[in-house]
1. For the range 123-138, what does the Karplus curve 6.51 cos²θ - 1.76 cosθ + 1.60, with θ = phi - 60°, yield as ³J(HN,Hα) per residue in whole Hz, taken in order and with x for Gly and Pro?
2. Once you have all Cα-Cα distances for the chain, histogram them in 10 Å bins from zero and send the whole-percent values.
3. How far is helix 45-55 tilted, in degrees, relative to the longest principal axis of the Cα atoms in the chain, given as a value from 0 to 90 rounded to the nearest 10?
4. Note down the net charge around residue 335, summing +1 for each Lys or Arg and -1 for each Asp or Glu among other residues with Cβ under 11 Å from its Cβ.
5. Taking Cα atoms, how many degrees apart are the long axis of helix 17-28 and the longest axis of the chain, rounded to 10 and kept between 0 and 90?
6. Provide the percentage of antiparallel DSSP beta bridges, counting only those with both residues in the range 228-360; round to the nearest 5.
7. Using only the alpha carbons of the range 108-197, determine the length spanned along each of the three principal axes and report them from longest to shortest in whole angstroms.
8. Strictly over 23 Å apart at the Cα level, which of 116/184; 118/176; 118/263 would you flag in this model?
Amino acid sequence: MIGSGSARRTERVRFPRRAVAAALLIAFTPFPAGASFCDTPRGLEKFHAALDSIEKGERKRPLTVLHLGDSHIALDNFTRGLRSRWTEAYGDAGRGLMPGVPFRYYAPDRFDVGMKGKWEIESSLHAHASGIFGIQGFRADGEDRRAVMSLRSDAPVSRVVVDVYGTPYSGAILLKLGDAASLKLQTRREVPGFVQLNVPAASVHEIRLMPAGTGPVHILGWSFLSSASPGVRYDSFGIVAATASITSRWDKATVMHQILAMKPDLVILGYGTNEGFDNGLDLDRYSKLVSGFADKIVQAAPHASIVLLGPFDGARQGSGEECSGGWRTPPKLDGVRGVLRSLAASRGYFFWDGAAAMGGRCTANEWAKAEPPLMYADRVHLRPAGAERLSADLWNALMGQGKMEGSCGLPGAQD
């Protein structure tokens, strides 16, 4: 199976953030004449401090963003606009990927990925999922040295980082960088646990990973970094049909090690759509689940700003408040937004209301009927044009470009 996306490298351009934001807003999307830049939005102080340090030339390591969520980011439709704006402004420092080809149609932007041979892909989506998972949500298990993960990047790769789970019985992997001889890297650990293999690369474009045949290997994910300085590293991991409960099936110690190593400046949590379609959702339990996972992030990344995304508007045939043509709004969608809004306000996180950005309740039905349509006929998933419009709105909010009313996406603000 093959996925593909366009790749490009943008050298760092050092301009004041507001000038960068204004220029990109003009280039990517129109904005109201009465709109104005806000002061640093509440909840994003740490993220904006990192941006300031880049603009002042005080920081060398990449600005790092971690975005976790459901199908809205699984195929890069929504994340593409965020990534393109950040890398256009600050340079492309690379990104992390799931292991191999974890699901059908996996096609991360800027890379061609492939997998052949005897790999077993395990997903953390299902309640009965077994084994260890990290923030990527998948694991690839293999032992046969004829099994291969392959990747091509149009942009040169200067470093490869492989996340694995090691046990006393684990074998080694072979990592081939371009035309160089394969490197043999050991994944065995006497005490089972997370192992991160960090390998410099000489600006290669082709990477292959294979079990060495010395025992089973358990691949959690891999990252491909460039020499852009400082650049932006934006890792987005979305799983179709995921809810926030998926995070409870990830190994806590592994997640903590991964986030500690990544040192994110911004963590975006984009769950809520699938919960909103669950009529039996316990909102109190849901609040505790999200806040518990957010606490783990704060513990591992105390210098990161946390963003909670309120789910986009959606509609279905069935129970809920009437829109038109038999389409109704699932009754728990607004309740999910209320939980996330309240949690952001009480914890000092940043909240962005995806439904309000679309135009409010029943917009999903209207977007699906628009010419050309902005949403698919299921009234849940965004078409590329709709995803681009909303990613522009979120980027504006994160970068401090306020609406005419001046809400600037403040926690608890109503759009």
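The values are calculated or read from the model by the stated rules, or taken from the named source; none is laboratory data. What you see is a predicted model, and the numbers here were worked out from it, not measured in a lab. Please note: Cβ atoms are built from the backbone with ideal geometry, for glycine as well, and neighbour counts cover all protein chains shown. We work out accessible area using only protein heavy atoms, side chains counted, and drop any ligands, DNA or RNA first. Shrake-Rupley method; radii C 1.70, N 1.55, O 1.52, S 1.80 Å.
1. 10, 8, 5, 8, 4, 8, 4, 10, x, 8, 10, x, 5, 6, x, 10
2. Whole-percent P(r) values from 0 Å outward: 5, 22, 32, 26, 12, 3, 0.
3. 70
4. Charge balance near residue 335 sits at -2.
5. 80
6. 35
7. 38, 29, 24
8. 118/263
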